[in-house]
Each structure stands twice: as C-alpha cells, then as structure tokens.
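The next block holds one structure in the form of structure tokens; read it before the comments.
The values are calculated or read from the model by the stated rules, or taken from the named source; none is laboratory data. Worth saying up front: this structure is predicted, and the values here are computed from it rather than measured. Note that we place each Cβ from the backbone using ideal geometry, even for glycine, and neighbour counts take in every protein chain shown. These accessible areas exclude ligands, DNA and RNA; they are computed on the full protein's heavy atoms, side chains included. Shrake-Rupley method; radii C 1.70, N 1.55, O 1.52, S 1.80 Å.
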Amino acid sequence: MTANKRTFMVFMGPPGAGKGTQARILQEKLGLPQISTGDLFRYNLKNETELGLLAKSYMDAGDLVPDEVTIRMVEERLTRADCAPGAIFDGFPRNLVQVVALDEMLADEGGLSLVPMLTVDDDEVMRRITGRRICRTCGAVYHVEFNPPKVAGVCDIDGGELYQRDDDKADTVKNRLYVYYKQTSPLVGYYFAKELLAEVDGSQPPAAVTADLLAVLAEHGIAPG
Ligand code: ADP
Ligand code: ADP
C-alpha cells in the first residue's frame with residue numbers, strides 16, 4: 001500500500017499580490033497549513049526572540065533576511081504535526097539558494113505539486129501595499145479600501161488592533177520591489193522550466209482569484225478534502 005502523497009505548493013508573485021490573503025483562504029479549504037516566512041519573522045519580532053532581533057534590520061530595509069536563518073526556520077516549521085498533509089509556502093523561497101534548499105527538503109516527498117503565480121502590475125501592487133493593514137494579534141490581512149474591516153482599525157476576527165507594517169511605507173516598498181525583480185522573479189523561470197508554474201490573474205477581486213486558483217488546482221488533481 002502506498003501512502004498518500006503530501007501536497008506542497010509555493011505561491012509566487014510580487015509583494016502585495018495577494019499571496020497571504022489567498023493562502024489563508026486555501027489553508028481552510030484544503031486543510032494545508034500556510035507557511036509564511038514573513039509572518040514567522042513578524043511573530044519572532046513581536047516576541048523579541050534572537051531570530052526576530054536579527055531579522056529586524058533586514059525587514060526594515062526591505063532586504064532579504066540571510067538564507068541560513070530563513071532556511072533553518074522553514075525546516076523547523078516543517079517538522080510540526082500540522083504539516084502531515086503538506087503545506088502552502090507563501091514568501092518562500094525568495095532566491096535561488098532558497099529554491100535549492102526547498103528542493104532538498106522535499107526530495108523524499110516527490111517535490112512540489114504546483115506553483116501558482118499571482119500576476120498583478122506594479123501600480124496595483126503599490127495601491128495594495130500602501131493600504132494594507134494587519135491585525136496585531138492574529139495577523140489577519142485587511143486593506144483600507146479593497147478589504148476594509150467592519151469597524152475601522154479593528155480586526156473582524158478577534159477585535160485586535162490593526163496597524164500598518166513599517167516596511168509597507170512607500171520608501172521601503174520601492175526596495176522590496178527591486179529585491180523582488182532582482183532576486184525572486186528568476187524563480188518564475190525556474191518553476192516554469194520544471195512545468196510547475198500555473199499563472200492566475202491576481203488583479204481580479206479576491207473571490208474571483210480564489211475561484212481561478214481552485215480551478216487550476218483541480219486541473220492538477222488538488223481538490224478540497
Ligand atoms: P510581502 O508579502 O509583502 O513581500 P513578507 O511578509 O513576505 O512581505 O516579507 C516581509 C519581509 O520579511 C521581507 O521584506 C524580508 O525582509 C523578510 N522575508 C520574508 N520572507 C523571506 C525569505 N524567504 N527570505 C528572506 N527574507 C524574507
Ligand atoms: P502578499 O502576501 O502577496 O504580500 P497580501 O495578501 O498581504 O499580499 O495582500 C496585499 C494587500 O492587498 C492587502 O491589503 C490585501 O487586503 C489586499 N488584497 C489582497 N488581494 C486583493 C485583491 N484580489 N483585490 C484587492 N486587494 C487585495
């Protein structure tokens with residue numbers, strides 16, 4: 001008898017494309033945990049761990065946190081029980097060193113199942129990032145205009161305070177986009193060559209993006225359980 005293959009996906013797309021928003025929706029529908037390296041770093045920052053303090057200066061500048069610590073953090077996250085069925089990576093890998101590390105981590109699992117790529121143009125990315133607000137306690141993601149909470153400044157889910165990430169202010173966003181094009185966008189070609197890439201129009205409203213993602217996943221045999 002063969003065990004069911006675990007499902008691992010990487011959500012690709014520029015900062016602000018909607019990866020986190022969609023990964024949070026799909027983690028419920030598919031029963032796969034979202035592994036967001038940005039969320040993990042922010043959690044460490046909030047708790048003032050050694051890792052959080054190390055990551056802070058890189059995040060504030062919009063640069064990548066060193067590969068060694070990022071990769072170790074993901075390896076550790078993958079040992080948790082909730083990853084038994086697989087996982088959705090959001091914000092990882094972000095450069096070629098991380099891609100190779102992820103391939104090694106998943107070598108015994110048959111590798112990735114699919115790499116959905118959310119396409120959104122730069123103007124829309126700027127509008128999305130500069131209006132993004134995050135819940136201080138649960139990390140839920142809102143937008144002041146496109147996805148506002150019921151009560152301004154308050155999380156619908158747990159009543160937590162909404163804040164703007166320091167790195168979502170215009171100056172840092174420019175560097176983050178530069179880092180994306182220079183270091184992360186070459187991964188699109190890598191995954192295309194491996195026949196894993198599936199483009200989805202990320203400029204549509206959230207529900208339409210979710211519907212397109214679910215359709216693409218179904219085409220590849222990945223369906224809600
Ligand atoms: P966004 O989705 O807007 O790009 P993230 O929350 O994914 O933002 O990341 C915020 C910051 O955390 C990045 O600018 C970077 O400093 C750090 N970070 C997140 N993921 C990685 C990673 N895989 N490698 C290195 N640094 C990362
Ligand atoms: P990423 O994880 O790719 O950086 P997020 O999921 O955090 O992106 O989304 C960035 C911002 O855009 C958030 O404020 C979010 O509420 C908003 N957003 C996400 N998806 C859409 C969409 N399809 N249309 C409009 N705004 C969106």
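With every protein chain kept in place and ligands, DNA and RNA left out, what is the accessible area per residue of the chain? Probe 1.4 Å, answer in Å².
I get 51 Å² per residue for the chain.
What is the diffusion coefficient of the chain in µm²/s, taking the Kirkwood radius over Cα pairs and the Stokes-Einstein relation at 10 °C with a viscosity of 1.306 mPa s?
88
Using a cut-off of 24 Å between alpha-carbon atoms, which lysines can reach Lys46, once sequence neighbours fewer than 8 places away in the same chain are excluded?
In chain and number order, the partners are Lys19, Lys56, Lys169.
Among the aspartates and glutamates, which have Cα under 18 Å from the Cα of Lys150 when same-chain residues fewer than 8 positions away are ignored?
Asp158, Glu161
If you build a Gaussian network model of the chain, linking Cα atoms that sit under 10 Å apart, which residue out of Gly202, Gly160, Gly16 swings the most?
Per the Cα network of the chain with a 10 Å cutoff, Gly160 tops the list.
What percent does the relative contact order of the chain come to when contacts are Cα pairs within less than 8 Å and at least six residues apart?
30
Tell me the volume per residue, in Å³, of the convex hull enclosing the alpha carbons of the stretch 90-199.
135
Check the straight Cα-Cα distances from Lys5 and name the lysines below 19 Å, setting aside those fewer than 8 residues away within the same chain.
Qualifying lysines at Cα under 19 Å: Lys29, Lys194.
Rg and Dmax in Å for the stretch 141-215, alpha carbons only: what are they?
Computed over the Cα atoms of the stretch 141-215, radius of gyration and Dmax are 16.5, 46 Å.
Given the DSSP H assignment, sum -39500 (n - 2.57) over each helix run of at least 4 residues in the chain and divide by its residue total; what's the result at 222 nm in deg cm²/dmol, nearest 500?
It lands at -13000 deg cm²/dmol.
May I ask you to list the trypsin sites (Lys or Arg not before Pro) in the stretch 89-161 that are in a DSSP loop and have at most 10 other Cβ atoms within 10 Å of their Cβ?
For trypsin sites (Lys or Arg not before Pro) across the stretch 89-161 that sit outside H, G, I, E and B with at most 10 neighbouring Cβ atoms in 10 Å, the list reads Lys150.
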